[in-house]
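Right, one structure below, let's go through it.
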Amino acid sequence: MKKALYFFCLFFASTSLLAQNEPTKKEQRKQRKQEQLNQTNRYFVLEVLGTYRNVQDLATSNQIYNGFGGGIGFGGFQMRNNNIQEFRGRGGYNGISSRAGVSTDDFWGNFSYVYLRKLKNPKFFLGGQANFLSQVRYTDILSNSSLHWELVGSLGITARAQSPFTIPLLKKQVATYAQVYLPLIAYVSRPIYGVTVSGEMEHYVSALGRLGNTSMEFGMHFPIRKNNANRLRISYQWDFLRWRDNEVHKVVTGQHAISIGLLVSMIQAENISPNL
Amino acid sequence: MRIQHILLFLTPLLFYNCETVFFEEETPFTAQAIFDEAWEFADREYSFFEYKEIDWNAVRAEYDSRIDSVMNREDLFDVIADMLFELRDGHVNLRSSFDRSRNWRWFLDYPPNYNFDVLERNYFKEEQQFVGAFIVHDFEDVGYMHYRSFSSTASEGALNYIMEKFKNHKGIIVDIRDNGGGSSGNVTRIARRFTQESILVGRERYRNGIGHNDFSEWENVRLEPYEPDSDIENDTIAYHFTKPVVLLTNRSCYSAASFFTQYMKALPNVTVMGDWTGGGGGAPTFTELANGWILRVSNTQFESPDGFNIEDGIPPDEQVGLRQEDEIAGIDTILEEALAFLRK
């Protein structure tokens, strides 16, 4: 009896000890998260932009307005072994005018979220994007018709190609990329009629076709200094929008932006090259 | 550096101004092109061709013959201005750096029925108050408020003061004679003080297509009574006046002043006295022509609830004119009739 009791206690104690050495579910989650972070390059992005805008809004007139401006942007950029995610918010102002000198204040803002998955060829990525674009123009001299706008919320596909290379002479290794966004479905708001200051809007849901909209970006990023995780990004972006309200009114806008951005490293992967 | 990297740096150059491929051709800088542009803008935006029975193609043919390639800008302006005059609309104007085209027949062809000098010297006698955008005078048992332009902001503070000042009076005279219009926001802000219930005051539609009869559906316009902010609401203060009101109008009441007259005419406690308003029931839309001139044309229509289009003016309930002998004697006939009406 005593022996049986002894072996039972020994068995009970040993199983308890073993159970304490197995990780709990919470610990397992924590471990997985840490492994993920070890494979993550994450940056906070701040940027400044120089812009040039061309616009023709037949709801205003058939005159083409163009001019220069600037803007700022912020966001987050994250690279992992097999995906890229980016959140970006940008806004700015252009002073545009017609060839006869009628001036217009052009305000714009853009918010986007991109998720890209690496393809079999590690230089190419494909994924989706949610985008919100706001373009507002104010032409004081046009009184009742002084205000015109496009508000476009869209969902679509994004493709990206990137590749590292070394700048000769400087022997600086940079990561270059090209990215294009094509909305597949969008929700568009435009002024409802000529007296635009009433603020009344017409809302449309549109698929690709009636709405012509794309965004293309070409850029490169590189470390600021050797052994410094922070990076500098220089890019050119072209944003294009074409929308037809009805048989009479149509708006076409194009903006060219050159931006210089600072990518502040928040998390640096142990084994993921930021140049990929 | 590989070839694809070189291409990567050169590719942005391909996008230089490429959106311009999708632009329509801008109007050339010629007299004929600018004339055509003005005609076409009116053709697709103007809202009263059918109502006024205007053959716009015939008008084009008549004035097109006056265009020649060597005409100077003043002559071109005059031809386009003469063409636009055919629309018989005070909301149709061509504006350049040296002139503004206009059609003022809607008041120049009629007696003025208003003399501010008579009011100032023989009625106000320096005892009027300037309450915001309003000239206010107390006739002891009848209140008087003169509003000279809907471009002047009618503040809630000023309206609160006036409603409170005259709350125990028999009636209020609202004088908008010679008020040429302005902001529609002020129309609503003032009119809603004279009702405590929601009233249908008219309906509106706008041009939305190539055809002269292409319009949106009629949309009802309701006047909602003023509701003070709950933060500042005071039970002892009167915010509305629903006793008898007389609205004084003349032919120079145009645009927002006509809209205001229609809003007020829909209220059961309001009597419109004086002359027809000048009209201007279409809110104008604007464009820039190729040479920088600004053109505006009426783009909407407004009707009373019983289908009366206010474009050519609104008739008064009581037609009263300013008699010449009265005016010479320093008497405002219309104001006297309004005072007698409210005092009876």
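The values are calculated or read from the model by the stated rules, or taken from the named source; none is laboratory data. Quick caveat: nothing in here was measured; it's all calculated off a predicted structure. Methodologically, a virtual Cβ is constructed for each residue, glycine included, from the backbone with ideal geometry; neighbour enumeration extends over all protein chains shown. Ligands, DNA and RNA are stripped out before the accessible areas are found, and what is left, the full protein with its side chains, is counted by its heavy atoms. Shrake-Rupley method; radii C 1.70, N 1.55, O 1.52, S 1.80 Å.
For the range A:182-202, a drop of 10 Å² or more in accessible area on going from the chain alone to the assembled protein chains (1.4 Å probe) is found at A:192, A:193, A:194, A:195, A:200. Accessible-area rank, largest first, for B:306, B:36, B:117: B:306, B:117, B:36, with all protein chains present and a 1.4 angstrom probe. Heavy-atom accessible area with a 1.4 Å probe sorts A:37, B:335, A:208, A:58, largest first, into A:208, A:37, A:58, B:335. Distance between the 7 Å Cα→Cβ label points at residue B:24 and residue B:108: 3.3 nm. Projecting each Cα onto the charge dipole of chain A (Lys/Arg +1, Asp/Glu -1 at the beta carbon, about the Cα centre), which of A:263, A:177, A:227 comes out farthest on the positive side? The listed residue farthest towards the positive side: A:227.
Element breakdown for the range A:211-253 at a 1.4 angstrom probe: carbon and sulfur atoms account for 52% of the accessible area.
Projecting the Cα atoms of A:151, B:263, B:70 onto the dipole axis of the protein assembly as shown, where Lys and Arg carry +1 and Asp and Glu carry -1 at the beta carbon, places A:151 farthest toward the positive end. About the centre of its Cα atoms, the range B:246-344 shows a dipole size close to 260 debye [charges on the beta carbon of Lys, Arg (+1) and Asp, Glu (-1) only; nearest 20 debye]. For the range A:33-56, list whatever residues lose no less than 30 Å² of accessible surface once every protein chain is in place, relative to that chain by itself, with the probe at 1.4 Å. Buried by 30 Å² or more upon assembly, which counts only protein chains, are A:54, A:56. Computed over the range B:183-323, the alpha-carbon pair-distance distribution with 5 angstrom bins reads 2, 9, 16, 19, 17, 13, 9, 8, 4, 2, 1, 0, each value a whole percent. Relative to the longest principal axis of the Cα atoms of chain B, the long axis of helix B:333-343 makes an angle of roughly 60 degrees. Within the range B:60-169, all pairs of alpha-carbon atoms sorted by distance into 10 Å bins from zero give the percentages 11, 26, 21, 18, 14, 8, 1. Taking a straight line from the alpha carbon of residue A:25, these lysines sit under 29 Å away, with near neighbours fewer than eight places off in the same chain left out: A:33. Averaged over peptide A:134-146, the number of partner chain Cβ atoms lying within 10 Å of each residue's Cβ comes to 3. Prolate is the label for the range B:162-238, because the ratio a/c of its alpha-carbon gyration tensor axes (a ≥ b ≥ c) is 1.5 or higher and a/b is greater than b/c. Angle of helix A:25-37 to the longest C-alpha principal axis of chain A, folded into 0 to 90 degrees and rounded to 10: 50°. Other residues lying with their Cβ under 12 Å from the Cβ of residue B:205 contribute a combined charge of -3, Lys and Arg counting +1, Asp and Glu -1. From the alpha carbon centroid of the range A:133-212 to that of the range B:193-208 is 37 Å. Using a 1.4 Å probe over protein heavy atoms, the accessible area lost on pairing B with A, summed over both chains, comes to approximately 3800 Å². When the P(r) of the range A:157-206 is calculated, the portion above 12 Å amounts to 75% of the C-alpha pairs. Spatially close Lys pairs in chain B, defined by Cα atoms under 27 Å apart and a spacing of eight or more places or different chains, total 18. Each principal axis of the Cα atoms in chain B has its own extent, and those three values, largest first, are 89, 57, 39 angstrom. Here the peptides B:312-320, B:50-58 are ranked by packing, the mean other Cβ count within 10 Å, and the order with the highest first is B:312-320, B:50-58.
Across peptide B:290-296, the mean count of Cβ atoms from other chains lying within 10 Å of each residue's own Cβ comes to 4. Which of B:111, B:158, B:135 sits closest to the plus end of the dipole of the range B:111-182, meaning its Cα is farthest towards the positive end, when Lys and Arg get +1 and Asp and Glu get -1 on the C-beta? It is B:111, whose Cα lies furthest towards the positive end.
Would you tally the net charge around residue B:81, using a Cβ to Cβ cut-off of less than 11 Å, leaving residue B:81 out, and scoring K and R as +1, D and E as -1?
Net charge in that neighbourhood comes out at -3.
Nearest 5 is fine: what % of DSSP beta bridges in chain B come out antiparallel, could you say? Antiparallel bridges make up about 60 percent of those DSSP assigns within chain B.
Distance from the Cα centroid of the range A:49-118 to that of the range B:111-173 is 50 Å (rounded to whole angstrom). Per residue, the accessible area of the range B:54-196 comes to 47 Å² when a 1.4 Å probe rolls over the protein heavy atoms. Straight-line reach from residue A:30: taking Cα to Cα under 19 Å and skipping same-chain neighbours fewer than 8 places apart, the aspartates and glutamates in range are A:22, A:270. For chain B, the longest principal axis of the C-alpha atoms and the axis of helix B:31-45 are separated by about 50°.
Taken over the range A:135-276, the ratio of Cα radius of gyration to 2.2 N^0.38 Å equals 1.42. Using only Cα coordinates, the Kirkwood hydrodynamic radius of chain A works out to 21.9 Å.
With a cut-off of 8 Å between alpha carbons and a minimum separation of six or more residues, what is the relative contact order of chain A in percent? Please report the intermediate quantities before stating the final value.
Values: 688 pairs, mean separation 51.1, N = 276.
19 percent.
Ranked from largest, the principal axis spans of the Cα set of the protein assembly as shown equal 127, 89, 41 Å.
Charge tally for residue A:106 (other residues, Cβ to Cβ under 10 Å; Lys, Arg +1; Asp, Glu -1): +1.
Expressed as a whole percent, the accessible surface of the range B:161-204 that belongs to carbon and sulfur atoms is 39, based on a 1.4 Å probe. A 1.4 Å probe run over the range A:146-244, with the rest of the protein chains in place, finds 43 Å² accessible per residue. Taking the Cα centre of chain B as reference, the dipole from Cβ charges on Lys and Arg (+1) and Asp and Glu (-1) amounts to some 640 debye.
What is the mean number of Cβ atoms from other protein chains located within 10 Å of the Cβ atom of each residue in peptide A:57-64, rounded to a whole number?
What the average comes to for A:57-64 is 6.
The range B:39-110 and the range B:270-344 have Cα centres spaced 23 Å apart.
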